[in-house]
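Following: one structure in structure tokens, then a few remarks.
The values are calculated or read from the model by the stated rules, or taken from the named source; none is laboratory data. Given the structure is predicted, the values throughout are model-derived calculations rather than measurements. Here Cβ is always computed from backbone atoms with ideal geometry, including for glycine, and neighbour counts include all displayed protein chains. Keep in mind that these areas ignore ligands, DNA and RNA; they rest on the heavy atoms of the full protein, side chains included. Shrake-Rupley method; radii C 1.70, N 1.55, O 1.52, S 1.80 Å.
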Amino acid sequence: MAIKLHILTQDPKEIELIERYWAVDESGQYREKVSALGGIIALAKGVSLASFIRQRCKAFDENQVCPKCAELIEIKNRSEAKKVPQRSTQLCTLCQEDQDAIAREAEKAKAAELERQLSEYVRKQSTRTVDYSEIPDNQVLLLLALDRAITPRLTDGGFTVGDCRGLAPRYVGDFVLQLREAGLVLDDPSKAKPGTYYWEGDEIWVSRDRVVYRLAPDVASRSADEIIRSLSDRVYTDAEGLFNLWLDYSVADVMRYLGTQCELYHHDLSGQELEEIKSTMRAALETYSVSQLWSVVWKVVRDAASLANREYYNRPKAAATIPGKIRRNLEKVQRESIELKAWSRPEQHPAGTLGMVLGEILGVDENTSGHRVSSLVTWLTGQSCSPTVEAELHEPVRELMTIALAHDVGSRVMLRFAELIRAGHDVGSAVEEIGSALRV
């Protein structure tokens with residue numbers, strides 16, 4: 001092992017210290033231990049021997065050469081020296097400086113390109129407008145709920161997803177994304193913090209939690225406050241869109257409760273398991289209420305917690321059973337016509353402004369069954385009385401009444417029909433259920 005020294009001091013004591021520090025014997029071992037060199041020169045408090053020497057000498061290892069120019073590699077301390085010749089994986093000082101300079105120029109060019117693309121994006125966004133009188137009903141309710149959650153940010157400046165926490169119990173970012181994809185809220189890069197938009201390879205990426213949004217301009221140049229006021233007077237006609245929005249919100253309400261219960265019992269569910277449960281709950285919500293599904297979650301999570309304490313089980317294995325247990329529990333409830341209990345809303349689990357808006361428009365809450373919500377949405381949008389629905393019901397109703405009169409059970413049929421409607425079934429499903437029972 002040979003070390004080439006470039007000494008930067010003329011002080012004899014310092015030169016002696018440097019030479020003794022780097023001196024090696026025939027076998028390549030350092031002649032003296034570092035601890036033995038401490039008394040040669042008094043060092044200032046907090047200054048190490050290696051850093052003191054590094055300031056007064058450049059050391060180059062003759063066993064390491066730069067892979068680019070074949071010059072010797074500078075080493076900073078004894079541990080970096082090699083005992084046998086080898087091609088270094090690092091560059092020499094000059095080559096490294098050249099490479100760093102090239103990298104800095106590339107970063108400057110990328111930063112300039114990012115700025116150019118964002119400026120172009122802002123320019124295009126400024127020309128986009130929305131006819132708010134034509135947007136779907138579900139988007140109207142989302143905007144009304146968002147306005148309540150972040151007043152006055154929606155109509156006066158920008159907002160981030162973090163500002164919208166009061167919108168829904170969970171998946172707030174997904175609801176905002178719905179509005180962004182519909183073009184109703186726009187990114188505003190000019191108001192975002194540095195680092196929100198960045199390069200990842202050759203693509204521009206964005207940190208969604210840091211994006212600043214703003215309400216898209218109105219095609220009639222109305223102010224944001226006027227837009228919100230006009231949406232409040234909306235006549236609703238899209239039953240499917242409203243029901244799907246209720247399902248989206250209700251899934252968030254159920255999954256928030258699931259998350260709280262799993263946290264309480266230290267169950268850690270994977271993303272795939274959570275998606276499986278979301279799918280199961282969305283299907284179940286077409287029939288049951290949010291509060292009834294809370295009771296299912298409560299039971300299943302506690303069953304899993306009990307299972308975790310059994311022999312041959314642990315918490316990860318127990319948590320993995322939760323999606324299947326929920327599905328099987330609901331299948332049993334449906335198969336055996338079991339009446340689910342309804343849980344009260346936890347005090348620390350608010351409904352969110354979207355839940356409030358849905359409640360005001362539809363007259364629903366966590367205790368309203370999916371059947372009932374579907375019926376209410378149908379009546380609100382006027383689709384229960386539409387010519388199409390009437391035509392579709394004509395033959396089933398005629399057949400039902402014929403069978404009922406033939407069996408002299410007309411009164412019983414009407415009472416059962418009223419009971420199903422009160423339970424939330426629409427006319428079509430009520431007629432079908434009664435007709436099926438009469439044919440048995």
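Can you confirm whether residue 75 is among the hydrophobic types (A, V, I, L, M, F, W, C) and touching a strand residue (DSSP E or B) at 6+ places or on another chain (Cβ under 9 Å)?
Taking the combined requirement at face value, the residue satisfies it.
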All but one of (1) modelled with pLDDT under 90; (2) within 51 Å of the chain's Cα centre (by Cα); (3) more than 18 Å from residue 13 (Cβ to Cβ) hold for residue 48; which doesn't?
(3)
For region 1-44, enumerate the residues that are of a type outside the set (A, V, I, L, M), assigned to a loop (DSSP other than H, G, I, E, B) and open to solvent by less than 60 Å² (accessible area, probe 1.4 Å).
9, 25, 28, 32, 38
Residue by residue through region 206-243, note down the ones that are among the hydrophobic types (A, V, I, L, M, F, W, C), closer than 18 Å to residue 171 by Cβ and outside any helix (DSSP H, G or I).
211
Which numbered condition residue 246 fails, given (1) of a type outside the set (D, E, K, R); (2) in a helix (DSSP H, G or I); (3) touching a Ser or Thr at 6+ places or on another chain (Cβ under 7 Å); (4) within 23 Å of residue 351 (Cβ to Cβ)
(3)
Single residue of 301, 297 found to be open to solvent by less than 40 Å² (accessible area, probe 1.4 Å), in contact (Cβ under 8 Å) with a residue 40 or more places away in the chain and closer than 22 Å to residue 372 by Cβ:
297
If I ask for residues that are surrounded by 18 or more Cβ atoms within 10 Å (Cβ to Cβ) and among the basic types (Lys, Arg), which ones from region 225-270 would you list?
256
Picking from 100, 131, 137, the residue that is of a type in the set (D, E, K, R), in contact with a Lys or Arg (Cβ under 9 Å, 6 or more places away or on another chain) and either more than 30 Å from residue 247 (Cβ to Cβ) or not assigned by the TED database to the domain that holds residue 66 (or both) would be 137
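Inside region 45-59, can you point out the residues that are in contact with a His (Cβ under 8 Å, 6 or more places away or on another chain) and either in a helix (DSSP H, G or I) or open to solvent by 60 Å² or more (accessible area, probe 1.4 Å) (or both)?
Within region 45-59, the subset in contact with a His (Cβ under 8 Å, 6 or more places away or on another chain) is 57-59.
Correct list: 58 only.
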Conditions: (1) in contact (Cβ under 8 Å) with a residue 40 or more places away in the chain; (2) in contact with a Lys or Arg (Cβ under 8 Å, 6 or more places away or on another chain); (3) of a type in the set (A, V, I, L, M). Residue 338 meets all but one. Number of the miss?
(1)
Among the residues listed as 80, 97, 134, 62, the single one being within 29 Å of residue 203 (Cα to Cα), surrounded by fewer than 17 Cβ atoms within 10 Å (Cβ to Cβ) and among the acidic types (Asp, Glu)
97
Selection status of residue 264, of a type in the set (A, V, I, L, M, F, W, C), modelled with pLDDT under 95 and either more than 15 Å from residue 368 (Cα to Cα) or touching a helix residue (DSSP H, G or I) at 6+ places or on another chain (Cβ under 7 Å) (or both):
yes
Quick check: anything in region 191-199 open to solvent by less than 10 Å² (accessible area, probe 1.4 Å), on the phi > 0 side of the Ramachandran plot and at pLDDT below 95?
no
Could you identify the single residue in 273, 339 that is over 21 Å from the mean Cα position of the chain (by Cα), on the phi < 0 side of the Ramachandran plot and open to solvent by 10 Å² or more (accessible area, probe 1.4 Å)?
339
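Hey, which of the helices (runs of 4 or more DSSP H) in region 266-320, taking only ones fully inside, have at least 3 residues that are in the same structural domain as residue 332 (by the TED database) and under 20 Å from residue 346 (Cβ atoms)?
So the answer is 271-285, 290-308.
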Of the conditions (1) without any contact (Cβ under 8 Å) to a residue 60 or more places away in the chain; (2) within 24 Å of residue 111 (Cα to Cα); (3) touching a Gly at 6+ places or on another chain (Cβ under 7 Å), residue 160 satisfies every one except a single condition; which number is it?
(3)
List, please: which pairs have Cβ atoms under 6 Å, are six or more places apart or on different chains, and start with a residue in region 191-202 that is assigned by the TED database to the domain that holds residue 125 and end with one that is in a loop (DSSP other than H, G, I, E, B) and surrounded by 10 or more Cβ atoms within 10 Å (Cβ to Cβ)?
191/158; 191/212; 192/212; 196/207
